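The values are calculated or read from the model by the stated rules, or taken from the named source; none is laboratory data. These numbers were taken from a predicted model, which means no experiment stands behind them. Note: ideal-geometry Cβ built from the backbone for every residue, glycine included; neighbour counts use all protein chains shown.
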Amino acid sequence: MIRTVATTPFDGQKPGTSGLRKKVPVFQQPHYVENFVQSVFDSLENYEGETLVIGGDGRYFNREAIQTVIKMAAAAGFGRVLVGKGGILSTPAASCVIRKHEAFGGIVLSASHNPGGPHGDFGIKYNIGNGGPAPERITDAIFERSKTIAAYKISDADDIDLDVQGLARVEDMVVDVIDPVEDYAELMAQLFDFGAIRDLFAGGFSMRFDAMSAVTGPYAKAILEGELGAPEGTVVHGEPLPDFGGHHPDPNLVHAKDLYDLLMSDRAPDLGAASDGDGDRNLIIGRGQFVTPSDSLAMIAANAHLAPGYKAGIAGIARSMPTSGAADRVAEKLGITCYETPTGWKFFGNLLDAGLATVCGEESAGTGSSHVREKDGLWAVLMWLNILAARKQSVVEIVREHWATYGRNYYTRHDYEEVDSAAADGLMADLRGRLDGLAGQALGGLTVEKADDFAYHDPVDGSVTTKQGVRVFFTDGSRIVYRLSGTGTAGATLRVYIERFEPDAGKHELETQAALADLIAISRSLPDIEGRTGRSAPDVVT
Ligand code: G6P
Ligand code: ZN
């Protein structure tokens, strides 16, 4: 039976960069999930009888939320839901399943790389029929609806057994519990030369993939150890745990330090890789050689033609503005455009749908392509494996050759976390107010060429997105970018992105922070970070 339940609005159900993200106890309040899900459905049209994809990263509260979404989808009139067995679907796999089954959309339960558990984070995100995150037009409508919602509809049917694959029924709606890996693995096999990668592993190539006790475990085990013949044990932390084993499932040099240390040791395998809570981020480390996400994008773009799915070449590259300019140099050589977008994967959707870009990436460890509409951690790892197999070289050889050919973009990001919001806003406002006077000024031995506040003109739909970060360019080609994070949960996070291009191959072996020391000093003094925030040094350096 379908019940209509009276409710009152909750404050703050505003989807952020990647959906609604709050602490678990917030989601556990009676009606909280229901209000938001009903607000999503109320913001959509013509979905009666259509298919909805549901799955999440396995974190605490995933199963409870999925049961609620299933019963509400039935009440709303969806014809069918496809739900990953055990409630599991990585974010890129959800995107893949939506596209392959021509679903109306999908609901992804995840808080990405944020910690999980009873006191950790949870999240709900709506993806549209192209497999990508809902555009702002829809997320704004969801938020507006959440402010006035007075009732929601839900079936009072029993819970679905999420651990048994196959068909069930809730009211008139079919529930299909699917293998969460199958469709995704099939797509990967189409894109990459699995035969060559199998030969690579058969020849003794060694790898460690750290799934960080998050969603990519089953995917990595099935594909790397199953289909590609990597030895058992290649995938570590391969069981998705509700609290990610108490760790922060973010594949960076801070939270994947064990992996980094292993790759820098004399016991290092040929390749180390990791992915985040929901499987969309990636970390790539060769033996003795970390590959920055910005460099990885450039190197993938330069070598993508070696993978069968990209053998005709790539149509274009897209990178977020703060991502380094390394990819631009590859685009120039290939005679294609490198699009520069604001931070946030959703800005790539139009470029991918229109066929203007094939490969995309962000400095925040996101890389992907037109195969889905989310960034894709395992895809990046398989792309690197394909490149290594085809070129028969090591990661370090490929990186050095790339720099020798294109030059090296020394790059670092300095994060000042949990800064007082008013101080952070004041710092940005002050910088914005000084933009016009900066050109021509000498700062710490360098001269400012120009300064601006990045605005994006979407070439597909003509929309304009302003105030996306202050950029200071120097006459030697260096750049400092300032912006406030859009994903933080406490106070403000000031991100400072620092970059210098070095064409001379004789100077490609410097330590990054040393190579950027003069710019780092300018980055602190120009907006008087210490005076305004009380911080003399960043909390996190990547
Ligand atoms: C999420 C988004 C990315 C974005 C990243 C950092 O992972 O999916 O597209 O680059 O957050 O965003 P932030 O605003 O915190 O720098
Ligand atoms: Zn993620």
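Candidates are the residues of the range 3-22 that are small (Gly, Ala, Ser) and assigned to a strand (DSSP E or B); the one that is surrounded by the fewest Cβ atoms within 10 Å (Cβ to Cβ) is ALA6. The criterion of at least 1 residues that are modelled with pLDDT of 95 or more and among the acidic types (Asp, Glu) is met, among strands (runs of 3 or more DSSP E) falling completely within the range 195-314, by 207-210. I'd like to know if the range 520-537 contains one or more residues that are in contact with a helix residue (DSSP H, G or I) (Cβ under 8 Å, 6 or more places away or on another chain), surrounded by fewer than 19 Cβ atoms within 10 Å (Cβ to Cβ), small (Gly, Ala, Ser) and not in a loop (DSSP other than H, G, I, E, B). No, the conditions are met nowhere in the range 520-537.
Looking for something surrounded by fewer than 24 Cβ atoms within 10 Å (Cβ to Cβ), over 21 Å from the mean Cα position of the chain (by Cα) and outside the structural domain of ASP278 (by TED's automatic domain parsing) - is there at least one such residue anywhere in the range 89-99? There is no residue in the range 89-99 that is surrounded by fewer than 24 Cβ atoms within 10 Å (Cβ to Cβ), over 21 Å from the mean Cα position of the chain (by Cα) and outside the structural domain of ASP278 (by TED's automatic domain parsing).
Among residues of the range 207-224 that are touching a residue at least 12 places away in the same chain (Cβ under 8 Å) and over 15 Å from ASP376 (Cα atoms), those with a Cβ under 7 angstrom from a residue that is assigned to a helix (DSSP H, G or I) and of a type in the set (Gly, Ala, Ser), sequence gap 6+ or separate chain, pair up as SER213/GLY245; ALA222/ALA185.
The condition of being closer than 30 Å to GLY19 by Cβ and under 23 Å from the mean Cα position of the chain (by Cα) holds for only one of GLY469, GLY426, that being GLY469. Kindly check whether there is at least one residue in the range 353-365 that is part of a helix (DSSP H, G or I) and either surrounded by fewer than 24 Cβ atoms within 10 Å (Cβ to Cβ) or not assigned by TED's automatic domain parsing to the domain that holds THR412 (or both). Yes, because at least one residue in the range 353-365 is part of a helix (DSSP H, G or I) and either surrounded by fewer than 24 Cβ atoms within 10 Å (Cβ to Cβ) or not assigned by TED's automatic domain parsing to the domain that holds THR412 (or both). Applying the set (1) modelled with pLDDT of 95 or more; (2) over 28 Å from the mean Cα position of the chain (by Cα); (3) within 30 Å of VAL254 (Cα to Cα) to PHE454 leaves exactly one unmet item: (2). ARG208: closer than 22 Å to ALA304 by Cβ, of a type in the set (Lys, Arg) and surrounded by fewer than 24 Cβ atoms within 10 Å (Cβ to Cβ), yes or no? Here the answer is no, as ARG208 does not meet what is asked.
The criterion of at least 1 residues that are crowded, with 16+ Cβ neighbours inside 10 Å and among the aromatic types (Phe, Trp, Tyr) is met by the following strands (runs of 3 or more DSSP E) wholly inside the range 110-174: 121-127, 151-155.
If you go through the range 481-499 one residue at a time, do you hit one that is within 30 Å of ALA301 (Cβ to Cβ), acidic (Asp, Glu) and buried (at least 18 other Cβ atoms within 10 Å of the Cβ)? Checked against the condition, which is being within 30 Å of ALA301 (Cβ to Cβ), acidic (Asp, Glu) and buried (at least 18 other Cβ atoms within 10 Å of the Cβ), the range 481-499 yields at least one hit.
Does ARG287 satisfy the criteria of being more than 16 Å from ligand 2 (Cβ to nearest atom) and either of a type outside the set (Val, Ile, Thr) or out of contact with any helix residue (DSSP H, G or I) (no Cβ under 6 Å at 6 or more places or on another chain) (or both)? Considered against the rule, which asks whether it is more than 16 Å from ligand 2 (Cβ to nearest atom) and either of a type outside the set (Val, Ile, Thr) or out of contact with any helix residue (DSSP H, G or I) (no Cβ under 6 Å at 6 or more places or on another chain) (or both), ARG287 comes out as yes.
Each residue in the range 23-37 was checked for being surrounded by 17 or more Cβ atoms within 10 Å (Cβ to Cβ) and in contact with a Ser or Thr (Cβ under 8 Å, 6 or more places away or on another chain), and 5 of them qualify.
Please determine whether any residue of the range 257-273 is within 16 Å of ligand 1 (Cβ to nearest atom) and on the phi < 0 side of the Ramachandran plot. For the range 257-273, residues within 16 Å of ligand 1 (Cβ to nearest atom) and on the phi < 0 side of the Ramachandran plot: absent.
With a requirement of 3 or more residues that are free of Cβ contacts under 8 Å to residues at least 24 places away in the same chain and not assigned by TED's automatic domain parsing to the domain that holds ALA111, the strands (runs of 3 or more DSSP E) lying completely within the range 430-503 that satisfy it span 446-453. Within the range 355-379, the residues that satisfy the criterion of being under 20 Å from ALA455 (Cβ atoms) and either more than 16 Å from ligand 2 (Cβ to nearest atom) or at pLDDT below 95 (or both) are LEU356, ALA357. Specify which of the listed residues (ASN114, ASN62, ASN35) is of a type outside the set (Phe, Trp, Tyr), touching a residue at least 60 places away in the same chain (Cβ under 8 Å) and within 16 Å of ligand 1 (Cβ to nearest atom). Every option except ASN114 fails the conditions.
Among residues of the range 17-29 that are within 16 Å of ligand 2 (Cβ to nearest atom), those with a Cβ under 7 angstrom from a residue that is among the small types (Gly, Ala, Ser) and at pLDDT below 95, sequence gap 6+ or separate chain, pair up as THR17/GLY344; THR17/GLY486; SER18/SER112; ARG21/ALA111.
Quick check on the range 373-382. Is at least one of its residues closer than 30 Å to GLY229 by Cβ, within 15 Å of ligand 1 (Cβ to nearest atom), touching a Phe, Trp or Tyr at 6+ places or on another chain (Cβ under 8 Å) and in contact (Cβ under 8 Å) with a residue 12 or more places away in the chain? Within the range 373-382 (the criterion being closer than 30 Å to GLY229 by Cβ, within 15 Å of ligand 1 (Cβ to nearest atom), touching a Phe, Trp or Tyr at 6+ places or on another chain (Cβ under 8 Å) and in contact (Cβ under 8 Å) with a residue 12 or more places away in the chain), the answer is yes, since at least one residue qualifies. Against the numbered list (1) among the polar types (S, T, N, Q); (2) part of a helix (DSSP H, G or I); (3) within 16 Å of ligand 1 (Cβ to nearest atom), SER324 comes up short only at (2). Note on the range 103-113: among residues that are out of contact with any helix residue (DSSP H, G or I) (no Cβ under 8 Å at 6 or more places or on another chain) and under 18 Å from ILE88 (Cβ atoms), the one that is nearest to ligand 2 (Cβ to nearest atom) is HIS113. You will find that of ALA318, ALA331, ALA424, ALA404, the residue that is farther than 15 Å from PRO293 by Cβ, within 14 Å of ligand 1 (Cβ to nearest atom) and not in a loop (DSSP other than H, G, I, E, B) is ALA424 and no other.
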